[in-house]
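Data first, discussion second: the structure below is written as structure tokens.
Every number here is computed from the coordinates shown, using simple stated rules; none is lab data. Nothing here was measured: the structure is a model prediction, and the numbers come from that model. Neighbour counts are summed over all protein chains in view; Cβ atoms, including those assigned to glycine, are modelled from backbone coordinates with ideal geometry.
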Amino acid sequence: MTETSSHEPAALALENVGKRFGSVIALSDVSMSVPKNQVTCVLGDNGAGKSTLIKILSGVHTPSDGQMYVNGEPTTFGSPREALDMGIATVFQDLATVPLMAVWRNFYLGNEPTRGFWPFKGLRTKYAKESCKAELAEMGIDIRDTEQPVGTLSGGERQAVSIARAVHFGANVLILDEPTSALGVKQSGVVLKHIRNAADAGVSVVFITHNPHHAYLVGDNFYLLNRGQMMAEYTKENVSREELVKAMAGGAELDALAHELGATG
Amino acid sequence: MSTATAVDERVNKASPLTRLMRRPEIGALMGALVVYVFFAVADQTGTFFSLDGTARWTDVASTYGIIAIAVALLMIGGEFDLSSGVMIGSSGLFAGLLMTEYNIGVWPSIFLTFLFAAAIGFTNGWLVVTTGLPSFIVTLAMFFSLRGINLGVTKLLTDTVRVAGIAELPDGSPRPGYESAKAVFASDFSAYSFRIAVVWWLVLTVLATLVLTRTRFGNWIFAVGGDSNAARNVGVPVRRTKIMLFMYVSMSSCLVGIISLMRLKSMQAGQGVTQEFIFIIAAVVGGCLLTGGYGSAIGGTIGAAIIGMAFIGIAYAQWNTDWTWLFLGLILFVAVLTNSLIRRRFQGARK
């Protein structure tokens with residue numbers, strides 16, 4: 001399973017997908033594929049259509065045009081729950097954890113381990129606390145006390161807990177919405193490491209970001225989204241970090257800006 | 001929020017004291033001890049401390065507590081219910097009218113009244129999750145509506161503002177089923193006249209605590225109050241959880257309504273109105289956050305105990321009972337201030 005062959009169908013693929021909201025065209029003619037066990041980065045600036053793309057991939061929106069494929073099979077999601085049931089988990093930037101709840105309660109939220117039968121069905125609290133700690137440790141996240149509220153964790157740790165949770169509950173495809181955008185340099189590094197770990201553990205990752213530096217560090221494939229359209233597609237072998245940054249920033253525009261700033265400064 | 005801390009900076013191991021102080025109800029528990037000692041000392045009659053006195057204040061506390069626990073759970077779930085007080089009257093009147101005007105048996109009437117209360121709670125919850133309006137507004141509307149219906153329907157059917165004659169049939173013979181219902185909802189026990197409502201109160205405290213801390217549903221209550229978007233994103237049925245909480249509150253009010261009806265053998269159309277804030281005070285004094293996501297069931301119980309002690313303690317201290325409300329106001333403020341100080345001191349980043 002860990003070896004990717006070109007014959008294997010992509011974990012997730014879009015073919016000429018478009019999305020319209022009334023007269024607004026949010027996405028048009030977008031095609032992309034998410035190969036198994038790789039990190040696929042979607043780069044785009046504000047307003048490029050990243051949010052719409054995530055919502056289509058995670059089942060919040062259904063596309064107006066085009067077709068989505070999961071493992072090569074044409075698929076349409078009616079709700080986020082259907083996507084989750086097919087192993088496609090999305091970690092939204094700030095909406096993934098409940099700050100006032102203990103780490104272990106957050107980890108198992110929605111998938112609580114129980115025992116007994118109704119009305120004597122109880123949470124397996126001891127098991128949950130211990131296995132949560134063990135699972136997080138396996139992902140390289142060392143949490144002292146799983147009883148502490150998630151709000152007391154740093155932003156990076158919180159993202160890491162969300163990612164670990166999605167992987168633990170059987171995500172084959174992990175969609176990450178700007179996981180590093182609110183984080184400091186060190187914390188971003190930690191989250192990027194977890195993204196790489198998840199891919200190495202057999203998860204296909206869609207990493208959505210506006211930071212080409214972060215994308216280049218962990219990505220295998222890169223898509224560039226702008227004004228609702230797929231502008232370019234690269235693989236790690238055929239692009240350098242500089243080219244990626246330049247493409248992302250609009251190439252020539254950046255040169256002009258650098259020139260202008262240099263002249264006035 | 002400690003977003004600037006590096007990931008390898010660990011949290012200090014919490015000492016047992018810190019762990020204890022982290023409990024949401026600890027401030028209220030200390031407050032309850034202070035209030036208890038205070039009234040035991042101020043007592044002029046020598047009964048507050050005795051079993052007789054205890055039976056008195058637990059009696060007051062129990063009918064507040066039964067609902068305060070439910071209100072605490074609802075508040076943890078991030079919502080309010082201002083119709084919880086008037087529901088006491090509505091349920092008592094509903095059951096009483098079924099018995100006296102429609103000659104339905106006592107137990108079937110009680111059963112139907114619980115169904116009625118569940119329907120009212122469902123309506124509250126359904127309106128809140130469907131319209132997206134604040135529960136403060138939705139349940140305030142329900143409060144006024146029920147208040148009007150209570151008065152209107154009672155006057156229409158009985159030509160008075162009360163429903164009476166619960167214990168006897170019109171011919172003066174005892175109403176069948178009343179004695180057994182009274183035994184369950186309104187009997188006394190032991191030489192000190194402890195009321196059965198105290199047992200209901202304590203049993204419900206234990207049950208609510210178990211549900212809150214030891215079940216999936218309890219986990220969902222914290223989640224929908226803490227961050228309903230995050231909860232929805234991980235698959236928690238947010239709407240169902242909130243609706244069930246509203247139903248639980250209404251049915252608690254119904255239980256108290258039935259208890260009152262069995263005790264008084266009659267029901268005033270205005271019964272229960274203005275009590276809704278006492279339940280909220282009890283829950284908040286007990287450490288529930290007004291913004292949701294934090295608190296405990298036992299906190300509501302302790303809050304109700306403080307209020308019960310205050311009501312009875314002031315009478316035993318032979319002060320003018322007009323001052324009771326001032327005392328409640330001060331307790332509310334001091335308790336919430338203490339709670340927030342404790343939280344800040346021992347929890348750092350918790351809001």
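Rounded to the nearest whole Å³, what is the per residue volume of the convex hull around the Cα atoms of the protein assembly as shown? Walk me through the numbers before you get to the answer.
Details: hull volume 128.9 nm³, N = 616.
That works out to 209 Å³ per residue.
Centre-to-centre separation between the Cα atoms of segment A:204-248 and those of segment A:128-190: 24 Å. Ignoring lysines fewer than eight residues from residue A:126 along the same chain, the ones with Cα atoms less than 23 angstrom from its Cα are B:13. Taken over the alpha carbons of segment B:181-228 as equal point scatterers, the Debye sum produces base-10 log I(q)/I(0) values at 0.13, 0.31 Å⁻¹ of -0.47, -1.03.
What value does segment A:48-91 have for Rg/Rh, both radii from Cα atoms and Rh as Kirkwood defines it?
Numbers: Rg = 9.9 Å, Rh = 10.6 Å.
My calculation puts Rg/Rh at 0.94.
Note that segment B:150-262 shows a convex hull volume over its alpha carbon atoms of 164 Å³ per residue.
Which listed residue (B:46, B:212, B:278) has the Cα farthest towards the positive end of the charge dipole for segment B:24-347, taking +1 on Lys and Arg C-beta and -1 on Asp and Glu C-beta about the Cα centre? Among B:46, B:212, B:278, the one farthest towards the positive end of the dipole of segment B:24-347 is B:212. Gyration tensor over the Cα atoms of segment B:24-347: the corresponding equivalent ellipsoid has semi-axes (square roots of 5 times the eigenvalues, largest first) of 31, 27, 17 Å. Listed by chain and number, the lysines placed with their C-alpha closer than 20 angstrom to that of residue B:265 are B:155, B:182; residues fewer than eight positions away on the same chain are left out. Once C-alpha pairs closer than 8 Å and six or more residues apart are averaged by separation and normalised to the residue number of chain A, the relative contact order reads 26 percent.
What translational diffusion coefficient, in µm²/s and rounded to a whole number, does the Stokes-Einstein relation yield for segment A:151-235 at 10 °C and a viscosity of 1.306 mPa s, taking the hydrodynamic radius as the Kirkwood radius over Cα pairs?
Working: Rh = 13.4 Å.
It diffuses with D of about 118 µm²/s by this estimate.
Segment A:46-78 and segment B:46-125 have Cα centres separated by 49 Å. Please identify which residues in segment B:317-346 have an amide N closer than 17 Å to a label point set 7 Å out from the Cα of residue B:17, following the Cα→Cβ vector. Residues B:342-346 fall inside that zone.
Based on DSSP H runs of at least 4 residues, each adding -39500 (n - 2.57), what is the mean residue ellipticity at 222 nm of the protein assembly as shown after dividing by all its residues, to the nearest 500 deg cm²/dmol?
Numbers: 23 runs with 332 residues, N = 616.
The helix-only estimate for the protein assembly as shown comes to -17500 deg cm²/dmol at 222 nm.
Entry for segment A:59-218 at q = 0.08, 0.15 Å⁻¹: log10 I(q)/I(0) = -0.25, -0.86, Debye formula applied to identical alpha-carbon scatterers, no solvent contribution. Cross-link partners of residue A:236 among lysines, defined as those whose alpha carbon lies under 27 angstrom from its own and excluding same-chain residues fewer than eight positions apart: A:36, A:50, A:55, A:186, A:193, A:246. Per the Kirkwood formula applied to alpha carbons, segment B:203-351 shows a radius of gyration over Rh ratio, Rg over Rh, of 1.02.
Determine, at each q value in 0.15 (inverse angstroms), the log₁₀ of I(q)/I(0) that the Debye formula gives when each Cα of segment B:6-124 is one equal point scatterer. Summing over Cα pairs of segment B:6-124 leads to -0.94.
Which value, in debye to the nearest 20, gives the size of the charge dipole of the protein assembly as shown about its Cα centre, when Lys and Arg are +1 and Asp and Glu are -1 at the Cβ?
1460 debye
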